[in-house]
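Asker: Here's a structure for you.
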Amino acid sequence: MKNITTLISIILVSFPTLVNSQSIVTTKHNLSVSGLGAIKATTENEICIFCHTPHNSTPKAPLWNRNVNGGTYTLYNSSTLNALPGQPDGSSILCLSCHDGTIALGDVVSRATPITMSSLKITGKSNLTTDLSNDHPISFAYNAALAASDGQLKTPPLSVVSLDKNSKMQCTSCHDPHKETNPKFLVASTQFSALCLQCHNKTYWGSSTHKTSTKTWNNAGTSPWAHVTAPYANVTQNACANCHDPHNANGKARLLKYLPEENNCLDCHNGNVATSTKNIQAQFAKTYKHNVAGYTGTHDPIEANAVTTKHVECADCHNPHASNATTAVAPFVNGTSIGVKGINQAGNAVAVATNAYEICYKCHAGNSWAPAPALPRQIVQNNVRLEFATTNPSYHPVVGARNDAEITPNLVSPNTASTIMYCTACHASNNSADPKGPHGSTNQYLLKLNYSTAYTGTTGITESATAYALCYSCHNRTNIIGGSNTFREHNKHIVGERAPCSICHDPHGVSSTQGSLSRNGRLINFRTDKVTPDSGGRLYWQDDGARRGRCYLTCHGKNHSPLTY
């Protein structure tokens, strides 16, 4: 009796119209001499023999004709993994008998000597090796309990992806080894991540720009989809594959295509896919920036809301599964930062930030590693959450409006006493045409406009619209210098004495736990490197009512003990 494998081979070869393109005959899994792939036998005509034999098979179903690796595999793991992968079993261990590269392709149980092949092993990304830590997890129970604990997985049964008899996810859940209706033997198309979305149900994904954008690569530099065997033309079609690689991923945790986290963002956000207004990479080349390239592997999605280990990554401020182009008004979060956790004004962790400043507070609210304030102040504070509190004697209106009618005449329209502003009203790119946000700037302190603070000895800054451009973007320069509806001696100090605004004013605010309305209104918090106590040892400003006050201090060589205005 002829070997059944030979018979099957004859049938498949003789009647191709019956098996059409979905037959194993026309796939790379046809390792016989008639195979279409680069790796195949030199003389062997049988097709099924490379995996199956009708007699004397291994104990593995279905009639398995190969030995399996008896060693230990390194498994996928990450802090966000809720599944419990075990050592490969079921169909996965059978697939790995070829795809881990430990057993020669022609080494089958039914033959006394190995079948001669053009290559002993699979090469390239299809060779997963015994290190599966950079591959999609397999051999884990996928059930309703897992879906519930994860929160972003669909509950089985699944429409296309199949689980094995033990309800486990295996290689064959995503790959059908006998037909290649879709590339790589996948059971569903990867276009628009149709296969990924069989299981994954990411919050916000439906309205994310990374799901809907039709931007294409301009062919400059490296393709953002170079890791994809058959990439599609634009962002929305590649979807998950814009950032992730299910096998042999360079960034093992969360299967990112690159290990440096920011590179997964910047090969699109470098002007080659995203438009020039989204070219973030150029911003990070500036002198002052959030230095995402300075850290690798430090950020973790489950880290505490208040960052304890100093670092900054794109994902600290942006949720790539959520980010979109919708706009909001201060203080609410814009679409670019939707779905990001934060710290609220009360100092409590929030799973999803509602207000933009809550995201900034993750790092800028008194963390142990935070640097000292940029300038020496009478009242020292580097917790901006405390500086912006609306109960303070004075504050810039980031958390809430000032509602002080006295300041309105000196504000540049459309600002009023009821205005609320974003942190990015001051901290942003120095070029208004650049991407929004505090990515990079040529100005110190990552400011969008110049804010001169230099004052060496008795030599300060010559007043100009440029010198204090940041302040004058909201505060009317003509009124400030002219003394109209404001402190009448501004001209003497700013123009005459060339004293920077920072000599007297602390731009964020003065905490109510450290200052008082009578001494620290109007953002008064003197710089101690330029302002010293008066002859009586006093150092403060006394508020005496509307546009009236007294100074007890020594400044620009003059003793104010007090000097009344």
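All of the numbers you see were taken from the coordinates with simple rules; none came from a lab. Predicted model, so just to flag it, every value in this text is computed and none were measured. Using ideal geometry, Cβ is built from the backbone for each residue, glycine included, and neighbour counts are taken over all protein chains shown.
Asker: Which of the peptides 122-132, 186-196 is most tightly packed, and how do the rest follow, judged by the mean count of other Cβ atoms within 10 Å per residue? Spell out each step's value before the answer.
Answerer: Details: 122-132: 15.5, 186-196: 18.1.
The most tightly packed comes first, giving 186-196, 122-132.
Asker: Pulled fully out, how much extra length does the chain show between GLN542 and THR513, if you take 0.36 nm times their separation in residues and subtract their Cα-Cα distance? Show your work: numbers first, answer last.
Answerer: Numbers: separation 29, 0.36 × 29 = 10.44 nm, distance 1.79 nm.
Extra length available between GLN542 and THR513 comes to 8.6 nm.
Asker: What does the charge count near TYR73 come to, summing +1 for each Lys or Arg and -1 for each Asp or Glu among other residues with Cβ under 11 Å from its Cβ?
Answerer: The answer is -4.
Asker: Given a Förster radius of 22 Å and the C-beta distance between PHE192 and LEU158 as r, what FRET efficiency does 1/(1 + (r/R0)^6) yield to the nearest 0.05?
Answerer: Details: r = 17 Å, r/R0 = 0.77.
Taking R0 as 22 Å, the efficiency between PHE192 and LEU158 is 0.80.
Asker: Take the alpha carbon atoms of the range 280-319, find their center, do the same for the range 331-346, and report the distance between the two centers in whole angstrom.
Answerer: Here the two parts' Cα centres lie 16 Å apart.
Asker: Right, something else. Straight-line reach from LYS362: which aspartates and glutamates have Cα under 16 Å away, leaving out those fewer than 8 places along the same chain?
Answerer: By straight Cα distance, LYS362 reaches ASP300, GLU303, GLU313, ASP316, GLU387.
Asker: In whole Hz and in residue order, list the ³J(HN,Hα) couplings for the range 380-392 that follow from phi through the Karplus curve 6.51 cos²θ - 1.76 cosθ + 1.60, θ = phi - 60°; x for Gly and Pro.
Answerer: Couplings: 9, 7, 10, 9, 5, 4, 6, 6, 8, 4, 6, 8, 6 Hz.
Asker: To the nearest 0.05, how large is the calculated FRET efficiency for THR74 and THR42 if R₀ is 25 Å and r is the Cβ-Cβ distance?
Answerer: Values: r = 34 Å, r/R0 = 1.35.
Once the sixth-power term is evaluated, E becomes 0.15.
Asker: Distance in nm between label sites at VAL109 and THR327, each 7 Å beyond Cα in the beta-carbon direction?
Answerer: Once both label points are built, they end up 6.7 nm from each other.
Asker: Still on this model: Need one number: nm distance between label points at THR456 and ALA145, each 7 Å from Cα along Cα→Cβ, rounded to one decimal.
Answerer: Once both label points are built, they end up 7.0 nm from each other.
Asker: Enumerate the calculated ³J(HN,Hα) couplings along the range 488-500 in order (Karplus 6.51 cos²θ - 1.76 cosθ + 1.60, θ = phi - 60°), each rounded to whole Hz, writing x wherever the residue is Gly or Pro.
Answerer: With coefficients 6.51, -1.76 and 1.60, one gets 5, 9, 4, 4, 4, 7, 6, 8, x, 8, 6, 8, x Hz.
Asker: Can I ask one more? Go ahead and estimate [θ] at 222 nm for the chain from helices alone: -39,500 (n - 2.57) per DSSP H run with n ≥ 4, summed, over the residue count, rounded to 500.
Answerer: Values: 15 runs with 83 residues, N = 565.
Result for the chain: -3000 deg cm²/dmol, rounded to the nearest 500.
Asker: Separate question: Could you pull out every residue, at least 5 positions away or on a different chain, whose amide H is within less than 5 Å of the one on HIS52? Hs are placed 1.01 Å off N in the peptide plane, and Pro or chain starts have none.
Answerer: ASN65
Asker: Where Lys and Arg each count +1 and Asp and Glu each count -1, what net charge lies around TYR565 among other residues with Cβ under 9 Å from its Cβ?
Answerer: Numbers: positive: ARG488, ARG547, ARG548, ARG550; negative: GLU489, ASP544.
Charge balance near TYR565 sits at +2.
Asker: Antiparallel versus total DSSP beta bridges in the chain: what percent is that, nearest 5? Walk me through the numbers before you get to the answer.
Answerer: Working: 31 of 32 bridges.
Bridges in the chain that DSSP calls antiparallel: roughly 95 percent.
Asker: Count the lysine pairs in the range 371-565 whose Cα atoms lie under 21 Å apart, taking only pairs 8 or more positions apart in sequence or on different chains.
Answerer: 4
Asker: Give the long-range amide H neighbours of LEU186: residues separated by 5 or more places, or on another chain, with amide H under 5 Å away, using H modelled in the peptide plane at 1.01 Å from N.
Answerer: ASP176
Asker: Right, here's the next one. Among GLU463, GLU358, which comes first, second and so on when ranked by fewest other beta-carbon atoms within 10 Å? Please report the intermediate quantities before stating the final value.
Answerer: Working: GLU463 23, GLU358 26.
In increasing order of surrounding Cβ atoms, one gets GLU463, GLU358.
Asker: Give me the extension gain from SER276 to GLU406: residue separation times 0.36 nm, minus the current Cα-Cα distance, reported in nm with one decimal.
Answerer: 42.7 nm
Asker: In whole Hz and in residue order, list the ³J(HN,Hα) couplings for the range 279-287 that follow from phi through the Karplus curve 6.51 cos²θ - 1.76 cosθ + 1.60, θ = phi - 60°; x for Gly and Pro.
Answerer: In residue order, the calculated couplings are 7, 6, 4, 5, 5, 6, 8, 7, 4 Hz.
Asker: Ok, one more. Using a Förster radius of 56 Å, what is the FRET efficiency between SER473 and ALA230 based on their Cβ-Cβ separation? Nearest 0.05, please.
Answerer: Once the sixth-power term is evaluated, E becomes 0.65.
Asker: Multiply the residue gap between LEU81 and LEU563 by 0.36 nm, knock off their C-alpha separation, and tell me the result in nm, one decimal place. Could you put the intermediate results ahead of the total?
Answerer: Working: separation 482, 0.36 × 482 = 173.52 nm, distance 6.56 nm.
Going from the current span to full extension adds 167.0 nm.
Asker: Within the range 153-175, whose backbone N sits under 16 Å from a point 7 Å along Cα→Cβ of HIS200?
Answerer: Those under the cut-off are 153-155, 161, 174-175.
Asker: Starting from the Cα of ALA346, move 7 Å in the Cα-to-Cβ direction to define the label point; list residues of the range 370-410 whose amide nitrogen is under 13 Å from there.
Answerer: none
Asker: Kindly flag which residue pairs out of LYS60/LYS125; LYS202/LYS257; LYS125/LYS179; LYS121/LYS165; LYS40/LYS257 have an alpha-carbon separation exceeding 22 Å in this structure. Don't jump to the answer; show the numbers that get you there.
Answerer: Details: LYS60/LYS125 26 Å; LYS202/LYS257 19 Å; LYS125/LYS179 20 Å; LYS121/LYS165 30 Å; LYS40/LYS257 30 Å.
Violating the 22 Å Cα-Cα cut-off are LYS60/LYS125; LYS121/LYS165; LYS40/LYS257.
Asker: If amide hydrogens are placed 1.01 Å from N in the peptide plane, which non-local residues have theirs closer than 5 Å to the one on PHE332?
Answerer: Counting only residues 5 or more places away or on other chains, the set is ALA356.
Asker: Can I ask one more? If I model a spin label as a point 7 Å beyond the Cα along the Cα-Cβ vector, how far apart are those points for ALA285 and ILE302 in nm?
Answerer: 3.9 nm
Asker: Quick one: net charge of LYS28's neighbours, Cβ under 15 Å, K/R +1, D/E -1?
Answerer: Numbers: positive: LYS40, LYS121, LYS125, LYS179, LYS184; negative: ASP176, GLU180.
Neighbourhood net charge equals +3.
Asker: A further question on this structure: Go through THR390, TRP369, ASN403 and say which Cα lies farthest out towards the positive end of the charge dipole of the range 345-450; charges sit on Cβ, +1 for Lys and Arg, -1 for Asp and Glu.
Answerer: Farthest towards the positive pole: TRP369.
Asker: For the chain, with only Lys/Arg (+1) and Asp/Glu (-1) charged at the beta-carbon, what is the dipole magnitude about the Cα centre, in debye rounded to 20? The partial results should precede the final answer.
Answerer: Numbers: 43 positive and 32 negative charges, 138 e Å.
Roughly 660 debye for the chain.
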